[in-house]
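Read through the structure below, which is laid out as C-alpha cells, and then see the notes.
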C-alpha cells in the first residue's frame with residue numbers, strides 16, 4: 001500500500017496569513033481610529049480621521065490584493081507585487097513611528113523586542129509578496 005504524504009505549502013500559508021493580517025489591521029483602522037497596537041504610532045502621527053481612513057483602506061486593499069493574487073490565476077501578477085510593496089512600505093513606516101520615534105518612552109529590552117517582532121513581520125511580507133515574485 002502506498003503511503004499518502006501530506007505536504008503543506010508554507011509559502012501559500014504565509015501569503016494568506018500576511019494578507020489576512022493586513023485586511024484586519026485595515027478594518028481595525030475604520031472601527032477604531034487608533035487601530036491596533038502596531039498602528040498606534042502611525043495613526044497618532046496622522047492625527048486626522050481622513051488620513052487614517054485612507055491609510056486603513058490602503059492597508060486593507062493591499063492585504064486583499066495579496067490574498068486574491070493567490071486564488072485568481074487570471075489576475076495580473078503586478079496586483080500581488082504592488083500590494084506587497086504597499087504593505088512593505090507601510091510596515092517600514094510602522095517601524096519608524098512605533099519603534100524608532102518612541103525610543104525615549106521604552107527601555108532597551110522592550111525596544112529590541114518590538115523591533116524584532118516588526119522585522120519578522122517585515123521579512124514575512126517581503127518573502128510572501130515581493131521576493132516570491134522574483135522566482
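Quick notes
Residues are listed down the side, and each one gets a yes or a no for (1) under 22 Å from residue 127 (Cα atoms); (2) buried (at least 18 other Cβ atoms within 10 Å of the Cβ):
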position	(1), (2)
3	no, no
13	yes, no
18	yes, yes
21	yes, yes
34	no, no
41	no, yes
68	yes, no
76	yes, no
79	yes, no
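- Scan of the range 102-122 for residues that are closer than 24 Å to residue 14 by Cβ and in contact (Cβ under 8 Å) with a residue 12 or more places away in the chain, ordered by number: 114, 115, 118, 119, 121, 122
- From the list 117, 121, the lone residue that is within 20 Å of residue 26 (Cβ to Cβ), out of contact with any helix residue (DSSP H, G or I) (no Cβ under 8 Å at 6 or more places or on another chain) and modelled with pLDDT of 85 or more is 117.
- Residues satisfying the stated conditions in the range 43-65, i.e. free of Cβ contacts under 8 Å to residues at least 12 places away in the same chain and surrounded by fewer than 14 Cβ atoms within 10 Å (Cβ to Cβ): 47, 48, 50, 54
- Within the range 66-78, the set of residues being within 15 Å of the chain's Cα centre (by Cα) and over 17 Å from residue 21 (Cα atoms) is empty.
The values are calculated or read from the model by the stated rules, or taken from the named source; none is laboratory data. Just so it is clear, the model here is predicted, and its values are computed rather than measured. As a convention, Cβ positions derive from the backbone with ideal geometry for all residues, glycine included, and neighbour counts pool all protein chains shown.
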